1. Here's a check for you: in segment 304-350, which residue that is more than 21 Å from the chain's Cα centre (by Cα), assigned to a helix (DSSP H, G or I) and modelled with pLDDT under 95 is farthest from residue 393 (Cα to Cα)?
2. Kindly indicate whether any position in segment 149-162 is under 29 Å from residue 385 (Cα atoms), outside any strand (DSSP E or B) and touching a strand residue (DSSP E or B) at 6+ places or on another chain (Cβ under 9 Å).
3. Between residues in segment 14-26 that are under 10 Å from residue 90 (Cα atoms) and in the same structural domain as residue 49 (by TED's automatic domain parsing) and residues that are at pLDDT 95 or above and in a helix (DSSP H, G or I), which pairs lie under 7 Å by C-beta distance while being six or more apart or on different chains?
4. Do we find that residue 92 is assigned to a loop (DSSP other than H, G, I, E, B), touching a strand residue (DSSP E or B) at 6+ places or on another chain (Cβ under 9 Å) and either outside the structural domain of residue 234 (by TED's automatic domain parsing) or at pLDDT 95 or above (or both) in this structure?
5. So which pairs qualify, if the first residue must be in segment 290-311 and closer than 19 Å to residue 341 by Cβ, the second must be outside any helix (DSSP H, G or I), the Cβ gap must be under 9 Å, and the two must be at least 6 apart or on different chains?
6. Looking at segment 220-233, can you tell me whether even one residue there is in contact with a helix residue (DSSP H, G or I) (Cβ under 6 Å, 6 or more places away or on another chain) and at pLDDT 95 or above?
7. Can you give me the number of residues within segment 240-253 that are assigned to a helix (DSSP H, G or I) and either more than 10 Å from the chain's Cα centre (by Cα) or surrounded by fewer than 20 Cβ atoms within 10 Å (Cβ to Cβ) (or both)?
8. Looking at segment 2-32 only, could you name the residues that are under 30 Å from residue 210 (Cβ atoms) and loosely packed, with under 10 Cβ neighbours inside 10 Å?
């Protein structure tokens with residue numbers, strides 16, 4: 001075993017011990033399954049304290065520069081931490097938009113001033129970030145953004161509305177895509193990208209209740225909201241390129257995220273453990289050949305997806321479509337997770353109609369809640385339909 005392997009093994013042992021000592025037990029209230037469901041101050045306070053604790057232990061953004069609160073370590077160390085967080089079913093690291101999209105973006109193309117100003121607060125959880133891309137009338141068609149940003153001296157005046165804004169009612173900052181020029185031939189050339197403050201006059205957040213009964217999404221209204229011109233990232237009219245770079249991090253095409261632990265890990269192993277407790281006509285469910293066959297198909301798909309993650313890092317195995325696996329990973333994973341959770345819930349028979357709060361619900365209605373919550377993942381970062389179009393056009397070369 002090489003020194004580096006020995007060092008990583010020792011680090012894994014240290015992380016394991018820390019998790020045993022520090023992962024909190026059930027707080028006595030419902031915790032969100034992902035950052036998309038943080039809907040109460042109680043949840044926020046608990047998760048902020050937990051993220052800060054992980055960061056102070058040196059286990060968050062480990063490969064980010066030490067001058068901004070990271071450890072300057074190899075990404076392999078963060079990967080070990082993330083695996084242990086999942087293994088111990090630890091609470092999520094809630095400030096996901098900051099940790100996994102804004103932080104990598106700033107470290108990649110941001111100014112030194114913006115890196116020094118924002119990154120440590122992202123890691124500590126002291127400053128929460130949200131994303132202002134989608135709009136009520138345009139959805140995933142980001143090129144048609146209509147929220148206006150008009151220069152007024154040293155400020156910009158913002159007017160318009162954003163929707164599906166996760167953490168918008170709690171956020172201190174927003175990565176905002178707004179239109180600064182309407183007199184352009186290409187609509188993309190009139191867009192600009194801002195690191196906009198949220199807790200200012202003229203910004204109003206309206207939480208949106210989900211089918212699960214939880215909150216997390218918001219609609220944000222801007223009415224003559226005044227933001228400093230220095231929050232503009234790059235130049236006016238260059239927002240489209242910055243937004244596309246952001247989406248590379250959001251969709252997992254580019255690396256650099258502070259942590260992958262943004263949702264409760266629900267794997268096929270968890271589904272199988274639950275399926276083993278079900279019965280049909282007095283017999284174990286998995287004794288039924290059809291149920292067993294459907295279960296095996298899902299297991300095979302999960303294994304194939306895991307292997308694809310390794311395969312896409314080996315050039316010779318992806319030479320036919322070099323970007324095929326990275327560009328399809330978000331689509332494949334979210335759609336698979338949706339089907340897996342639906343299958344596990346539906347195998348409960350008549351109990352599958354019971355939800356959280358019903359005394360007779362299987363496992364407290366966990367799988368029903370997980371299934372409905374998963375729709376947020378198939379929408380955020382570009383809907384499954386948009387993702388299919390990206391694969392068709394940019395991987396397979398099909399016409400629009």
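1. 350
2. Among the residues of segment 149-162, not one is under 29 Å from residue 385 (Cα atoms), outside any strand (DSSP E or B) and touching a strand residue (DSSP E or B) at 6+ places or on another chain (Cβ under 9 Å), which makes the answer no.
3. So the pair list comes out as 19/84; 22/53; 24/50.
4. In short, yes.
5. 291/278; 291/280; 291/347; 294/347; 295/347; 302/267
6. Yes, there is a match, as at least one residue in segment 220-233 is in contact with a helix residue (DSSP H, G or I) (Cβ under 6 Å, 6 or more places away or on another chain) and at pLDDT 95 or above.
7. Residues meeting the conditions: 9.
8. 25, 26, 28, 29, listed by residue number.
The values are calculated or read from the model by the stated rules, or taken from the named source; none is laboratory data. Keep in mind that this is a model prediction, so the values were computed, not measured. Neighbour counts run over all protein chains shown; Cβ positions are idealised from the backbone, glycine included.
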